[in-house]
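Before any comments, here is the structure.
The values are calculated or read from the model by the stated rules, or taken from the named source; none is laboratory data. In this text, all values refer to a predicted model and were calculated from it rather than measured experimentally. Quick reminder, even Gly has a Cβ in these numbers, built from the backbone with ideal geometry, and neighbours come from all protein chains shown.
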Amino acid sequence: MRCTLLGTMVVGIILAAQPVSAHHAGATKYDEKKPVTLKGTVTKVEWMNPHVYYYLDVKDSSGKVQNWAVEGAPPNVLYRRGWKKDSLKVGDVVTVEGFLPRQVGLHDINGRAVTLADGRKVFGGAGDGLPGGPAQ
């Protein structure tokens, strides 16, 4: 009986830890050695946990429009940095500095510094914004 209870507890702990490790995979998904700056038009905003996502239509060098997903910090972190739900609105033209994914060909970035439509530059990533510190 004691062995069964202990085994059940161990399995429960392992299963509970799975979502936490998956959630904190940003360091393995994005490459800080691949910085990128995108300027585009906001097409969609998903203001929800665990991270805010917004989408931009960006013209590539040939003029073709590509839709990019931008991963931001959690909503509560953005609120503390002065963001509001309406800081990004569909149709706004914004500039986002961030990091490309390690996997080539994906159109998503880890958004860090964001220049909003009103000209304010705000920090939109998780952590302190390294390298270079948070945007002011």
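Looking for something within 14 Å of G125 (Cβ to Cβ), surrounded by 13 or more Cβ atoms within 10 Å (Cβ to Cβ), free of Cβ contacts under 8 Å to residues at least 40 places away in the same chain and of a type outside the set (S, T, N, Q) - is there at least one such residue anywhere in segment 65-84?
yes
For segment 72-79, state whether one or more residues are small (G, A, S), touching an Asp or Glu at 6+ places or on another chain (Cβ under 7 Å) and modelled with pLDDT of 90 or more. Walk me through how you get there before you give the answer.
Going through segment 72-79, the residues small (G, A, S) turn out to be 72-73.
Applying the additional criterion that residues be touching an Asp or Glu at 6+ places or on another chain (Cβ under 7 Å) yields none.
No, there is no match, as no residue in segment 72-79 is small (G, A, S), touching an Asp or Glu at 6+ places or on another chain (Cβ under 7 Å) and modelled with pLDDT of 90 or more.
List the number of the failed condition for D31; all other conditions in (1) in contact with a Lys or Arg (Cβ under 6 Å, 6 or more places away or on another chain); (2) at pLDDT 95 or above hold.
(2)
Can we say G111 is within 18 Å of K29 (Cα to Cα) and at pLDDT below 90? Walk me through it before giving the result.
Numbers: within 18 Å of K29 (Cα to Cα): yes; at pLDDT below 90: no.
Spelling it out, it is not the case that G111 is within 18 Å of K29 (Cα to Cα) and at pLDDT below 90.
Could you tell me how many of the residues in segment 39-52 are under 14 Å from the mean Cα position of the chain (by Cα) and either within 15 Å of A113 (Cα to Cα) or among the acidic types (D, E) (or both)?
Matching residues across segment 39-52 total 2.
If you take the residues of segment 97-112 that are under 11 Å from the mean Cα position of the chain (by Cα) and closer than 14 Å to Y53 by Cα, which of them is surrounded by the most Cβ atoms within 10 Å (Cβ to Cβ)?
Filtering segment 97-112 for residues that are under 11 Å from the mean Cα position of the chain (by Cα) and closer than 14 Å to Y53 by Cα, the one surrounded by the most Cβ atoms within 10 Å (Cβ to Cβ) comes out as G111.
Determine which single condition S87 fails, assuming it passes every other condition in (1) surrounded by fewer than 13 Cβ atoms within 10 Å (Cβ to Cβ); (2) assigned to a loop (DSSP other than H, G, I, E, B); (3) modelled with pLDDT of 90 or more.
So S87 meets the others, but not (1).
Does K44 qualify as being among the basic types (K, R), modelled with pLDDT of 95 or more and touching a strand residue (DSSP E or B) at 6+ places or on another chain (Cβ under 6 Å)?
On the way: among the basic types (K, R): yes; modelled with pLDDT of 95 or more: yes; touching a strand residue (DSSP E or B) at 6+ places or on another chain (Cβ under 6 Å): yes.
When the stated conditions are applied, K44 passes them.
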